[in-house]
Every structure is written in C-alpha cells, then in structure tokens.
Amino acid sequence: MTQPPPPPNQPPQKPGFGPPQEPPKEPSQEPSQQSAQPPAQEPADRPSPAPQPPAAAGGPGGPDLNKAPQPGYGYPQAPGTPPPAAPPAAPQPGYGYPQQPPAAGYGYPGQQPGPYGQPQQPGPYGQPQPQQPGAYGHPQPGVYGQPGYGQQGYGYPQPPTMPMQPQPQPGGGRKINAQLAIIVSAVVAIALIVGGGVWYASSGKDDDKKTTANGGDGKEEKNGEGGDGSGGSSAGGEAKEKAPADTGSKVLFQVPAPKTPAGVSTVTTSGSWLTDSVYAKSGIAEVVGYDRAKGTEKWTLALPGPVCSATAHVTEDNKTAIVHKAQMPTKENPQSCTQVTLIDLESGKQLWSKNAKSGTMPINFNNVTLSGPTVAAGSTSGGAAWDVATGKQLWAPKTSDACFDSGYGGGAKLVAVRKCGSYDQRQLHIQTVDPKTGNVVSEYKMDEGIDYAAVVSTDPLVVAADVGDSAGDGSGISDFFSIDNKTGKLRTRISAPGEDFAARCDAIYRLEDCSALAVGNDRLYIATEEHEGGGESYVQTNEIVAFDLTTGKQTGQRADAGDGYDLVPLRMDGGNVIAYKRPPYDKGGQIVSIDGGTFKQTVLMENPATDAVRSVETRMSPTSAEILYSQGGLYMSKVFASDFTTKDKEYLVIAFGTG
C-alpha cells in the first residue's frame, strides 16, 4: 500500500509517487485535522547544493528530436473516415532522472448540465505503460500553513475510451445557460449529419486568436506574466521583454530566510508577486512588499496565521488573493486554512477577509485563484467565490450537492475541476464557468479512473492528468488534454511520459501549481528531462519542445539548453517564451527569450558566476521555487522556511537586475 501525498502546505518529500487512499465519505464532510508534530525529515524542497564539475560518464545520449513528430494521443479524426495507420513511433525526447517532487491542490455547488459524450480516439503517440508507483512521501504534520485534509483516492488505469451516452448527473445550485443547451443540441445534430455521410466544419477563426501565458490573465502583463495575442508561430502579440545593452546582471538584494517559531521545523511561505514598483513575498504569517530595485521594505501586512496558499494571478489594479489560517497554530490546535484575503499589492493593505461554510463547518481551503471580478477558493468540502470589489459571497457549497469542486483555474477564464460519483466511480468534470454567477458555460467529462487534474491554462483550456498513475515519477502528468472551452469538446490529447518530460503539476491540492511548461500561440511548450549532451563533454542538458494544441503533434521546434544548462519555460511574453537556464557548476543562470516562430534564443540576463552568488541561485530549483522575471528583474524565492541548519546562510529571496 502506498502512502498518501503530502498536504499542500508541506514541503515535498523524496521522489516517487503513490496513489493516496480515500475512505468513502460524503464530499461535504470537513476533512479531519492532523496532529501537529514536527516533520521527522528534511523537506525534499530543501535546496540542493550547487552543481559540481561533471565526471566522465558514458557516451552522448538524448532523444533524436529531428525525426518527424508523431501525432498526439487521441488526436481528432475526420468523421466518416477510418483513422490513419499508426506511423513508426518517434523516440521520446529526453532521458529522465529523478526530479524533486512538487509541493502538493483542491473545488462550487450547482446543478450539472446535461451531459454529452465526447468520442476520444487513441492515437499512436507514445502511450505510457503503467509502472509500479513508489511512495510519494508521508504527510508530516506540524507544518505551519498546513490544512487538515482527508485522504484522496488516486487514478487507476484508464478504461478504453468510448463515446459516452448522455446520462443524468446529480447536482444542485448552478444553472445551465441557454447557450450551452443550444450547443448540446447542435452537437447532436452534427452527429446525425455525420452519420448520413455529410460533414460540416467550422472555420475556427476565433479559436486561432487564443493564447495565454501559463497563469497569465490574458490582458495586461502582471506579476511577470505575458499578455494576450493571436495564434500562429509568433503572432501572440508584441513581446515586451527586450535585451539590454549589457545582459550581465548584479544582485539587487537578498532576503534572509525567516526563523521558524520554537518547536516548528517548517513554515509555508508560498506567494510572490510583481508590480511596477513592488516585489511582494509571503513570510511567516505576513506578506512583505519590497522596493523591486533596492529591496527596502515598503510595507508589511501582518496576518493572524500563516499563509497556506496563494494565487499567482494579479488584477489590473494590482490586487491578489491568499488563503491563510485564522490563528497561529499550536501543537494542540494546528488550525485550518479558513481565511480568504484580498490584498492591495501597492499599498500593502488588506481589503477584505472572508470564510465560507459547508453546512455548519468552516471550509478548510486548499487553493485560491482570481478570474476577472471573482476570487474563487476550493477544497475537498466544495468551493466558494467572492466579488473582488466588495467581498460579497457569490456562491458556496450546499450539503445536498452530490458533486464538489476539487479546485479552480483562473486568469482569462474561470475553470472548475468538479468531482462527481462515488469513491470507486469518480469522474472529473472540467467546467468553464461564468465567474460572476458560477453558471456552467461548457463542460468536458473525463473518463472514469482519472481522479485528479491540474489546470495548465484556461484560455486555451489545457488540463494535465496522471492517467492510471502511469507517470511514475511524482510529476502528476502523463497526458495533457486540450479542450475547447466554448463547446467542451476535446480538441486533442497529448501523451507526455514522465520519463521524457520535466513538467510537473500538483493536481491534488493546488490545481494551478505547474512548472516547466507554458501555453501560448495555441501550443504547449514543455521542457524535456535532462540527458547526456553530445560531443565529449559528458554533461547533462535538455530542450524545450512544442506541441500543437489542435493536432496534438510536435511542431518540430526545439530550443536547446546547451551543455550543462537546464532550460525551463517560465511564461509567455506575447508570442515568445520566457525561459530560465539553470547553470552548470562554473557559470551563472540566464533568462532567455525564445522566438515563437524561429525558436531563436535571445539572452536577456546572465547572472554572476561567482561561487557565493551561484550557491544561492542554484538552491532555487525551477520546479520548486517561485521564479518571476519582468523588465530586467529576476526574483527567485523559496516556498518553505525551515529550522534545518547548514554551514551556508539560507535566503528566502534573491533578486537580480540588469542595467
């Protein structure tokens, strides 16, 4: 029997993954609280030492990415024609080695819309084989910012995909709108037409205009995130990040790691944001705003308890949301993550703080997000939402609900991952909802057996899942699902075996917490796992490759990290990809802009290669630290503070700048 995953506010443990077990219970029940005991081991998020000079190893390795790309798993077939014969499978891009597992993400009431089945056709692209799961890590109580939680069942092998027949689903509260009813009717009509041998295809011109940075708001660039634009190779709008005359950076400031309270070994410090003048970062039961150039404190917002989770999204007027505990936890009372608070990042003021109940019990929230005028927070007991401007509650779970939201994705759209069915027959409903009312706009129903999904992007809509627990590496990803958020129809399914690709998502608690990928230009940009480089250097390297979100095929584009570097997408900048290059043992890290059309790399920043600076930088792993870049400033921060001591001074934040 494998162990349950760590709760969302606890540092990740050692590599490996196993399905957490969930006892059958009503979704409206409040998760049990965990006893507060200090963790018995150092968190796996603990920074790794700086890379050492490579030792001679075997010959060069790595995937042959120059071969013709294969079609994505489950790519759409033309109705009325047989699927094409499977071409020879291409080698997988990258050879994996154990990565640090991510920190561990959780869901509003309502009536389910009339279901409609989506035919899914498996294609020849690299279907992963199930692997024996390893232990993901024991939950360690006593972490500040850790909510009480119930154990969750994880996905088992997915049954063959077949067209589903409409069946009534329970639910209550939310309404299906007239547009969705028309769409469902139209789908039925088209199916009848196709059956008669006639096929009508839409132009799809509106879909071609969608592109959103991973976690971006699709509008003005905020929090180091890219903006909206049109589809195409590099037509995602004008890039804002330009290379300076001198790309060499200097350290702007460093923030020492805070000391944990007596008797507490680890404290959550999730959350960091950028405005034009402020870099804000969560500390221990506080959020501090720093001058983004000097590092001087501009404001401090004290909180009654530790931060549990935070959204990366920021409104156009620089407001963001966090979840925190109502009081400081103690060994006797670890407290729950009940408070949802809106913060003004310019002034450092708390604008409002709210909670919600499921029945008579306060909800213990696992995640929070922003979309348009709405803050939404999810949990295993259901989700709730509030108006940004007033704090008025827009919806909350009902005890009569047969389904519950396991989390939300925000930004350009609001997407709910809604969990329905009994324990042994779970089904996820991926719902695009109206952020003002919670009404369902469109819905895609995933196959039973997929118990968790992370929201990679809301426009275009992309979700990630570990189907049948086949990733095998703790990444939470075996497949990506590209979904039309107007109709709820599956566009394509992309297989991304964990041994080949380095992207990671927390699909259990914090459903937007993904790394080593970005979405834009109607494409998915993803880092491969590290592998041996070419030539006689015997060092590790990797690439960023692109998948088309319409066809599921690789586009053939590839950006090479270079020997000794590890290249990781951070976000979109118009039609370009902003990426971080983790350095080898003798160089500093880099920020590069990758042209969305040519894939040419332009260096925007190169950090100092001195031992002292590189030691701090390389402790900020791209898959576990928070990394923000905007307008010549790079801000790297940890998501946990601990009482573990080393000979080196520990830092919560290190900031670099050019010019």
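The values are calculated or read from the model by the stated rules, or taken from the named source; none is laboratory data. Just so we're clear, the structure is a prediction, and the values are computed from it rather than from any experiment. Using ideal geometry, Cβ is built from the backbone for each residue, glycine included, and neighbour counts are taken over all protein chains shown.
Looking at E512, is it outside any strand (DSSP E or B), within 21 Å of D573 (Cα to Cα) and not polar (S, T, N, Q)?
Numbers: outside any strand (DSSP E or B): yes; within 21 Å of D573 (Cα to Cα): yes; not polar (S, T, N, Q): yes.
For E512, the condition - outside any strand (DSSP E or B), within 21 Å of D573 (Cα to Cα) and not polar (S, T, N, Q) - is met.
For the range 594-659, give me every one of the strands (runs of 3 or more DSSP E) that falls completely inside it and has 1 or more residues that are farther than 19 Å from A293 by Cα and either among the acidic types (D, E) or under 25 Å from the mean Cα position of the chain (by Cα) (or both).
Fully inside the range 594-659 and qualifying: 601-606, 640-642.
Which number in (1) more than 20 Å from E286 (Cα to Cα); (2) at pLDDT 95 or above; (3) surrounded by 19 or more Cβ atoms within 10 Å (Cβ to Cβ) marks the one condition that F365 misses?
With (1) more than 20 Å from E286 (Cα to Cα); (2) at pLDDT 95 or above; (3) surrounded by 19 or more Cβ atoms within 10 Å (Cβ to Cβ) applied to F365, the lone miss is (1).
So how many residues does the range 373-395 have that are assigned to a loop (DSSP other than H, G, I, E, B), buried (at least 20 other Cβ atoms within 10 Å of the Cβ) and out of contact with any Leu (no Cβ under 7 Å at 6 or more places or on another chain)?
The number of residues fulfilling the criteria is 5.
Among (1) in contact with a strand residue (DSSP E or B) (Cβ under 7 Å, 6 or more places away or on another chain); (2) at pLDDT below 95; (3) over 28 Å from D459 (Cα atoms), there is one condition P622 misses while meeting the rest; what is its number?
It fails just one condition, (3).
Residues in the range 508-522: is at least one among the basic types (K, R) and at pLDDT 95 or above? Show your work before the answer.
First, the residues of the range 508-522 that are among the basic types (K, R): 510.
Within this subset, residues satisfying the condition of being at pLDDT 95 or above are none.
No, every residue in the range 508-522 fails to be among the basic types (K, R) and at pLDDT 95 or above.
For the range 402-436, how many residues meet the condition of being at pLDDT 95 or above and of a type in the set (S, T, N, Q)?
2
Out of the residues in the range 417-455 meeting the condition of being under 24 Å from A503 (Cβ atoms) and of a type in the set (S, T, N, Q), tell me which one is surrounded by the most Cβ atoms within 10 Å (Cβ to Cβ).
Checking each candidate, the answer is Q431.
Criterion first (touching a Pro at 6+ places or on another chain (Cβ under 7 Å), among the aliphatic types (A, V, I, L, M) and closer than 30 Å to C308 by Cα) does I508 satisfy it?
yes
Quick one: count up the residues across the range 442-470 that are more than 16 Å from the chain's Cα centre (by Cα) and more than 15 Å from L428 (Cα to Cα).
Qualifying residue count for the region: 2.
Has the range 595-612 got at least one residue that is at pLDDT below 95 and either closer than 24 Å to S475 by Cβ or touching an Asp or Glu at 6+ places or on another chain (Cβ under 6 Å) (or both)?
Checking the range 595-612: not a single residue is at pLDDT below 95 and either closer than 24 Å to S475 by Cβ or touching an Asp or Glu at 6+ places or on another chain (Cβ under 6 Å) (or both).
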